[in-house]
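Read the structure below first, then the notes.
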Amino acid sequence: MPVKKSIQSVIRSAHLTLASGLFPDRASIIMHELLPRQHSAFADSVALVRECGYQTHLPQTYLEKSPVGSKAATDDRRLLVTFDDNFAHWHSALPLLDDIGLKAIFFVTTGPTLTNASAYDVSAFYGRIDHREDPVPLTRSQLLDIRAAGHEIGCHTEWHRSLAGLIREEWNAEIRQSKERLEDLFGEEISDFSFPFGVRRHFNQSLTDYCTGVGFKRIYCGQPGRLFDGTSDLMNIPRTRWNLDAPPEQNVSDLKVDGRLFETVTGRSPVG
């Protein structure tokens with residue numbers, strides 16, 4: 001096992017021990033691919049997390065406080081399912097999501113679909129996100145189909161560059177322009193943003209302020225974190241990565257991991 005994976009395994013085990021078997025009231029997962037060969041594993045993981053009392057929500061209700069009088073820890077567990085990047089196989093997964101009764105938010109990198117991108121630019125994008133299997137972007141029509149099926153759309157920049165290393169003028173091109181392209185396509189405000197690579201060494205407070213200024217209401221990272229009813233930072237919503245090559249039980253137990261302190265110390269996530 002590579003050194004990075006070994007360290008993550010040790011840290012993950014320590015987090016699970018400290019969590020004492022408790023699930024948070026609010027859990028959010030981050031996915032990238034959802035290939036046909038992964039459909040069964042995804043459905044199994046969703047079924048298992050629902051057995052733990054979670055109901056799926058979209059961003060508008062995910063972080064709202066539980067109704068007065070409810071016992072949030074047991075009666076109102078909420079799960080938010082998110083996807084990042086830009087893959088045509090998201091579209092082919094729509095029947096699966098419909099079959100299992102799940103609505104998600106798709107954070108779209110707009111460059112491959114909503115610009116006159118060259119084959120070189122698209123290839124460079126998939127190289128940047130280290131994706132080699134079926135690297136085909138969505139079409140405009142497929143993106144519209146995803147929204148029409150009741151799923152939400154969020155912004156994930158134009159070309160998935162590390163934002164912390166860019167100057168402000170490049171933020172305009174990567175973030176504001178991407179947001180505007182999506183709003184022009186759908187004719188509605190885009191309020192949700194997830195930043196590339198998901199950990200804070202690729203983002204900072206100045207970028208948070210910038211995103212707030214251009215109209216985003218919620219910002220998502222790729223770091224696992226335990227949220228409870230009424231406790232949230234809308235500008236740093238944590239998400240737990242699911243690995244569909246792992247057993248569904250592992251994906252569900254990873255929801256107990258809070259990696260925010262580990263990220264502060266190391267700049268990385270304990271769940272990979």
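Within the stretch 149-176, the only residue that satisfies the criterion of being outside any helix (DSSP H, G or I) and basic (Lys, Arg) is ARG161.
Of the residues making up the stretch 177-196, just one is open to solvent by less than 10 Å² (accessible area, probe 1.4 Å), in contact (Cβ under 8 Å) with a residue 40 or more places away in the chain and part of a loop (DSSP other than H, G, I, E, B), namely PRO196.
Each row is one residue, and each column tells you yes or no for (1) surrounded by fewer than 22 Cβ atoms within 10 Å (Cβ to Cβ); (2) among the hydrophobic types (A, V, I, L, M, F, W, C).
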{"residue": "HIS32", "(1), (2)": "yes, no"}
{"residue": "LEU58", "(1), (2)": "yes, yes"}
{"residue": "LYS65", "(1), (2)": "yes, no"}
{"residue": "LEU80", "(1), (2)": "no, yes"}
{"residue": "HIS89", "(1), (2)": "yes, no"}
{"residue": "ASP98", "(1), (2)": "yes, no"}
{"residue": "LEU102", "(1), (2)": "yes, yes"}
{"residue": "THR110", "(1), (2)": "no, no"}
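Output the residue which, of all residues in the stretch 118-136 that are assigned to a loop (DSSP other than H, G, I, E, B), within 22 Å of HIS202 (Cβ to Cβ) and of a type outside the set (Asp, Glu), is least open to solvent (accessible area, probe 1.4 Å). Step by step, filter the stretch 118-136, then rank; the result is HIS131.
At pLDDT below 90, open to solvent by 10 Å² or more (accessible area, probe 1.4 Å) and not aromatic (Phe, Trp, Tyr) - does that describe any residue in the stretch 204-216? There is no residue in the stretch 204-216 that is at pLDDT below 90, open to solvent by 10 Å² or more (accessible area, probe 1.4 Å) and not aromatic (Phe, Trp, Tyr).
The values are calculated or read from the model by the stated rules, or taken from the named source; none is laboratory data. On a predicted model such as this, the values are computed, not experimentally measured, just so you know. Cβ coordinates were reconstructed from backbone atoms using ideal geometry, including for glycine residues, and neighbour counts include every protein chain displayed. Note: areas computed on protein heavy atoms with side chains; ligands, DNA, RNA excluded. Shrake-Rupley method; radii C 1.70, N 1.55, O 1.52, S 1.80 Å.
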